[in-house]
Amino acid sequence: MSLSRIFIDSDLEVNESIQLPVSAAHYVKNVLRLKNNQQIILFNNNHSAEYHANIEIQGKHIFARLISKTISRLDSPLKTTLLQALGKPDHIDFIIQKATELGISQIYLFNSQRTQTHLKSTRLEKKLEHWKGIMISACEQCGRNTIPTLSFKSSFQTCLEACENSNKILLDFDGKPISKLSEEFVPDLSFSMLTGPEGGLTTDEIQQAKNANFKSCTLGPRILRMETAAISILNIVQHYYGDMR
């Protein structure tokens, strides 16, 4: 039976005992219902390191004594970036969760011309914290020890400029299948994938992307939902060039 994994945003060292934060302590006590000396795994975004720990319950407080450190290399060796136009909140949450499970390295979110509800600066910090929580939960579940980076770009052009020196893919009905584009990709470079909101990118945005050397790629004859398209292109890239076989 696999051990439950918990992200801790602090330094971790073998043989030390740390008090679990309130949310983690609640999870251990009320969800996992662990008892003294039962084990969990802790990780702290420190590359491939994870720590086995024994639970110690002291009254209302729960501690974890770190007993060993291991190296787990479940992060994809392929560096990938998803440039995702904002859409409906539940769709964005889904994309962030599944992209994390599939090994995404970083995600850039932006307001596109067809984004129905633009994200405003007054809500940015709260939304970024919410999305980071989704990534952490996904990493706890799938075994990754490195939390992907996520940022919101103030403009579409800024988003395009943030992924220089990579193989650039634009999802476009008029594009080529990825198998036809393979000869145009540069070996050993990372991949940047641009996907639109519900309704797709506008003609102007598509042209902007092409001007920035994004290569048009189609995923087939069927019209895919925003979240299906984003996850599909990441899955295909990981299959051909990453660690999904």
Which numbered condition ASN54 fails, given (1) farther than 15 Å from CYS139 by Cα; (2) exposed (fewer than 14 other Cβ atoms within 10 Å of the Cβ):
(2)
Return yes or no: is ASN235 of a type in the set (S, T, N, Q), surrounded by fewer than 18 Cβ atoms within 10 Å (Cβ to Cβ), under 21 Å from CYS159 (Cβ atoms) and out of contact with any Asp or Glu (no Cβ under 9 Å at 6 or more places or on another chain)?
no
Can you tell me which residue among LEU66, LEU86 is out of contact with any Cys (no Cβ under 6 Å at 6 or more places or on another chain) and farther than 28 Å from ASP11 by Cβ?
LEU86
Filtering region 225-241 for residues that are within 13 Å of SER192 (Cα to Cα) and part of a loop (DSSP other than H, G, I, E, B) leaves a count of 0
Restricting to region 209-224, count the residues that are part of a loop (DSSP other than H, G, I, E, B) and closer than 21 Å to ASN111 by Cα.
4
Scope region 80-105; condition under 12 Å from LEU234 (Cβ atoms) and either in contact with a Gly (Cβ under 9 Å, 6 or more places away or on another chain) or outside any helix (DSSP H, G or I) (or both); matching residues:
THR80, THR81, LEU82, LEU83, GLN84, ILE95, LEU102, GLY103, ILE104, SER105
SER190, sole failed condition from (1) surrounded by fewer than 14 Cβ atoms within 10 Å (Cβ to Cβ); (2) touching a residue at least 40 places away in the same chain (Cβ under 8 Å)
(1)
Checking VAL186 against (1) farther than 22 Å from GLY87 by Cα; (2) in contact with a helix residue (DSSP H, G or I) (Cβ under 7 Å, 6 or more places away or on another chain), only one condition comes out false. Which one?
(2)
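Taken together, the values in this text are just the output of simple stated rules run on the coordinates, not laboratory data. Note that the structure is predicted; figures quoted are calculated from it, not measured. With ideal geometry, Cβ positions are generated from the backbone for all residues, glycine too; neighbour counts draw on all protein chains shown.
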